[in-house]
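Remarks on the structure that follows.
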Amino acid sequence: MSLPAGSTIGIIGGGQLGRMLAMAAARLGYRTVVLEPQADCPAAQVANRQITAAYDDPAALAELAAVSAVVTYEFENVPVAAAEALAARVPVYPPVRALDVAQDRVGEKKFLNGIGIATADFRSVDTDDDLTAALKAFGGSGILKTRRMGYDGKGQRVFRKMEAGGFAGTCEAMGNVPLILESFVPFEREISVIAARGLDGAVTAYDPAENVHRNGILHTSTLPAAINSKTADAARAAAGKILSALDYVGVIGVEFFVLADGSLLANEIAPRVHNSGHWTEAACTISQFEQHIRAVAGLPLGSPGRHSDCVMENLIGDDVLRGPALLAEPDLILHLYGKAEARPGRKMGHFTRISRRP
Ligand SMILES: Nc1ncnc2c1ncn2[C@@H]1O[C@H](COP(=O)(O)OP(=O)(O)O)[C@@H](O)[C@H]1O
Ligand SMILES: [Mg+2]
């Protein structure tokens with residue numbers, strides 16, 4: 001059964017993804033309430049209402065459940081206990097299990113391997129001795145990451161060859177939190193697939209985007225990706241497998257490394273709309289944001305078809321000053337997030353240049 005227009009959708013998290021979800025929800029006739037501790041957040045600027053409280057505040061969660069017909073979220077670090085408390089009172093999509101899987105890089109890789117999707121080799125690392133052993137096993141190079149809460153390349157350290165002098169103090173320098181060492185993947189390119197699963201189990205996927213990162217932050221997503229159709233199909237199929245295994249409802253982002261032979265290793269999953277899917281608002285009839293709202297509202301999914309080739313570029317920090325000049329270009333869609341302060345490394349907006357097909 002689908003959510004009647006005029007119903008309220010709760011959104012946990014008030015960043016730009018929540019903002020774009022709220023805008024898509026409004027276009028389908030829904031109201032939105034955003035739970036976010038930071039006042040005047042990007043999402044609340046376009047939502048009907050903000051509950052200004054911590055994501056795990058029991059009274060705020062009870063209020064969100066009381067006013068929402070369904071609750072979704074815009075970031076994967078929503079506390080699992082909070083999502084479970086909500087789910088006892090109101091449908092929460094994507095399902096809490098997706099949060100649980102995506103929050104821990106070790107659990108995520110075990111889940112992926114368990115359903116037959118290959119990833120980089122990995123070892124859990126809790127001590128400097130664990131790190132020494134794991135690096136030895138990987139021939140001296142690898143990427144050490146915090147298991148939880150990492151984003152935009154934060155909480156990562158690259159080892160390119162065994163360093164003399166051992167690794168005493170590394171775990172402390174990483175904050176004495178559980179870590180993972182991943183073998184270094186000599187990828188040819190990175191791609192991602194934005195896919196969706198409806199309440200009725202229908203699955204759709206957009207074309208894979210080719211992603212370039214700068215300083216650990218997504219810089220551009222380009223469509224089409226320079227991959228053959230076999231690789232593209234394999235990426236779509238893997239995303240579909242993940243959605244079914246999680247009994248998922250909503251949009252998911254799945255990042256992959258493409259190796260020289262065209263084979264894929266899954267990097268990570270994001271149980272939400274994804275930065276590498278922002279191009280869909282410009283080059284598709286149905287954006288990832290609308291697709292997500294359709295899914296969680298129990299509406300039919302839209303076609304993921306792409307009418308144009310395109311390149312999406314993020315505006316980080318002062319890049320946002322390029323806005324007015326960019327708008328002088330034809331066939332360019334600019335999207336700003338309403339953030340007051342352009343701090344270095346902060347995602348302030350993005351734009352997508354489309355090139356129409358003849
Ligand atoms: N095992 C790996 N081998 C090679 N490059 C990697 C590996 N893991 C991550 N990277 C590079 O670092 C980027 C960020 O890592 P990722 O695990 O996606 O973390 P985040 O959560 O910060 O996006 C990736 O997009 C990729 O460019
Ligand atoms: Mg990533």
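Read-outs throughout are calculated quantities, based only on the coordinates presented, and are distinct from any laboratory measurement. Worth saying up front: this structure is predicted, and the values here are computed from it rather than measured. Positions of Cβ are generated from backbone atoms using ideal geometry, with glycine treated the same way; all protein chains shown enter the neighbour counts.
Taking Cα centre as origin and charging only the Cβ of basic (Lys, Arg, +1) and acidic (Asp, Glu, -1) residues, the dipole magnitude of the chain rounds to 500 debye.
I want to verify a result. In a Gaussian network model of the chain, Cα cutoff 10 Å, which of these has the top mean-square fluctuation: Y337, Y151, Y93? Top of the fluctuation ranking is Y151.
The orientation-averaged shadow of the Cα convex hull for the chain, equal to a quarter of the hull surface, comes to 18.4 nm².
A cut-off of 5 Å between modelled amide H atoms, ignoring neighbours fewer than 5 places along the same chain, links C310 with L223, S355.
A dipole drawn for region 121-182 from +1 and -1 charges on Cβ atoms has a positive end, and of A173, T127, M149 the residue lying farthest that way is M149. Computed from backbone phi with θ = phi - 60° and the Karplus coefficients 6.51, -1.76 and 1.60, the 3J(HN,Hα) list for region 308-325 is 9, 7, 6, 9, 9, 10, 7, 9, 9, x, 5, 3, 4, 5, 6, x, x, 5 Hz; x is used for glycine and proline.
About the centre of its Cα atoms, region 189-356 shows a dipole size close to 160 debye [charges on the beta carbon of Lys, Arg (+1) and Asp, Glu (-1) only; nearest 20 debye]. Neighbour counts of other Cβ atoms within 10 Å put M20, M149, M312 in the fewest-to-most order M149, M20, M312. Toward the positive end of the charge dipole of the chain, with +1 on the Cβ of Lys and Arg and -1 on the Cβ of Asp and Glu, the farthest Cα among A270, I191, Y30 is that of Y30. Take the residue pairs K109/K161; K161/K339; K110/K136; K161/K230; K109/K136; K109/K154 and return only those whose Cα atoms are more than 29 Å apart. Over 29 Å Cα-Cα: K161/K339; K161/K230.
Relative contact order for region 189-356: 23 percent, from Cα pairs under 8 Å spaced at least 6 residues apart, divided by residue count.
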